[in-house]
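The values are calculated or read from the model by the stated rules, or taken from the named source; none is laboratory data. What you are looking at is a predicted structure, and each value in this text was computed from that prediction instead of being measured. Cβ coordinates were reconstructed from backbone atoms using ideal geometry, including for glycine residues, and neighbour counts include every protein chain displayed. For the accessible areas, the whole protein counts, side chains as well, though only heavy atoms, and no ligand, DNA or RNA atoms are used. Shrake-Rupley method; radii C 1.70, N 1.55, O 1.52, S 1.80 Å.
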Amino acid sequence: MPEAPPAIPEAAFAALDALMARGAAFLGARHAILGGAMSWVSERNLVAALSNAGAFGVIACGAMAPERLAEEIAATRALTARPFGVNLITLHPQLEALVDVCLAAGVSHIVFAGGIPPGAAMKRAKDGGAKVICFAPALALARKLIRGGADALVIEGSEAGGHIGPVSLNVLAQEILPHVREVPVFVAGGIGRGEAILAYLEMGAAGAQLGTRFVCATESIAHPNFKRAFIRGAARDALPSVQLDERFPVIPVRALQNEGTKRFMAHQAEVLRRFQAGELTREAAQLDIEHFWAGALRRAVIEGDVENGSLMAGQSVGMVTREQPAAEIVAELIAQAAAALAARRCGP
Ligand SMILES: Cc1cc2nc3c(=O)[nH]c(=O)nc-3n(C[C@H](O)[C@H](O)[C@H](O)COP(=O)(O)O)c2cc1C
């Protein structure tokens, strides 16, 4: 029989609660842990399960039309009485209508992702009573977003799954956390264990946002093939998409490598050849490259096509080892953080 781990003293959980107090109060959740919105994955079931587990679930609106979003919010509300948020992509052509849907449904927190939110959408959300969370990719932008009314920020490092910036969380945290005290700042990217959450809390973060770690929650509707790929995947398999030619920019997306990522390279090479042969204009070539991944995340998450679909995943994927209920994952993260805190304060 393996030796039972030493019990974690209550005082350590209380000390962790104190470190999370600002973030938890802001979210209205038991713990300052956000379930990062993941297109197709973060729908009613996972979002409600995370909020019910004491974390804070966030619906990924993605490309949903306003009516679909209204339906998803209502369905989530039917599964949890706890607060949850909605993540809106700023490039969505009906952004303001989506904000109105959130406000009409009484959603407490709106997360604007995919770029600096337009002032009008931000004002609309705040005037309607929602708290606004924005992504800050640099200190200057963090300051600008706070001046523009952001109530909280997420700093997401390049370790994260999905669309990423160029800077790691390790560096972003040092550049931003010591200088921003006006609003709570949540850290994201590559976090798979509670010890890391504790380290960032001690650096001044209000809490953490995790995505990859929640994909294999029992409640997540991700296809079993998608979950299996995560359980098998190691950090080194989750790589950013590669751009073949600087004239045709590719927004970096971190994903597990598969046939699709190989074909993407061949596709770019072929488009480049056709552009150089005069068969395609520059605009047509760029569009052709951008369209390659259209619908690819849905293909992998919902249909289970893990060869050709997009397996967006963060470097924390190596810490996903099995399917577990969301509540168990959250409890594990909290216990790891509390145990680390206890060991630091009282010795092992
Ligand atoms: C499959 C997948 C889809 C994602 N989709 C979105 C999205 O639609 N909007 C968004 O703001 N972030 C998206 N993200 C990023 C997450 O919200 C979160 O910030 C990120 O997963 C944190 O890094 P981690 O995966 O290392 O925990 C996605 C991430 C993954 C893995």
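Quick look at the numbers
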read-out	value
Farthest positive-ward along the range 234-312 dipole, Cα basis, beta-carbon charges - from 271, 240, 289	240
Dipole in debye (nearest 20) - the range 1-86, about Cα centre, beta carbon charges: Lys, Arg +1; Asp, Glu -1	200
J(HN,Hα) series, the range 277-294, from Karplus relation 6.51 cos²θ - 1.76 cosθ + 1.60, nearest Hz, glycine and proline x	7, x, 7, 10, 6, 4, 5, 4, 5, 4, 4, 4, 5, 5, 6, 3, 8, 4
Inter-probe distance in nm under a simple model that places probes 7 Å from Cα toward Cβ, at residue 141 and residue 335	3.8
Amide H contacts of residue 154 (H built 1.01 Å from N, under 5 Å, at least 5 apart or other chain)	134, 135, 136, 186
For residue 322, solvent-accessible area (1.4 Å; no DNA, RNA or ligand), Å²	110
Whole-angstrom gap from the range 280-294 to the range 178-230, using each part's C-alpha centre	33
Charge dipole magnitude, Cβ of K and R +1, D and E -1 - the chain, Cα centre, debye nearest 20	440
For residue 162, residues with placed amide H under 5 Å, excluding near neighbours	254, 313
Solvent accessible area, Å² - residue 171, 1.4 Å probe, full protein context	60
Solvent exposure, largest accessible area first (probe 1.4 Å, DNA, RNA and ligands not counted), of 259, 303	303, 259
Cα centroid of the range 114-176 to Cα centroid of the range 79-108, whole Å	17
Heavy-atom accessible surface of the chain: percent carbon and sulfur, 1.4 Å	57
Whole-number accessible area per residue in Å² for the chain, which is evaluated in the context of all protein chains at 1.4 Å	44
Förster radius 22 Å - calculated FRET efficiency between residue 171 and residue 251 (Cβ-Cβ, nearest 0.05)	0.60
Surface accessible to a 1.4 Å probe, residue 127 within the full protein complex, Å²	110
Note, ³J(HN,Hα) from phi for the range 56-65, Karplus 6.51, -1.76, 1.60, rounded to Hz, x at Gly and Pro	10, x, 9, 6, 8, 6, x, 9, 4, 7
Qualifying lysines (Cα of each under 16 Å from Cα of residue 131; at least 8 residues distant if same chain)	123
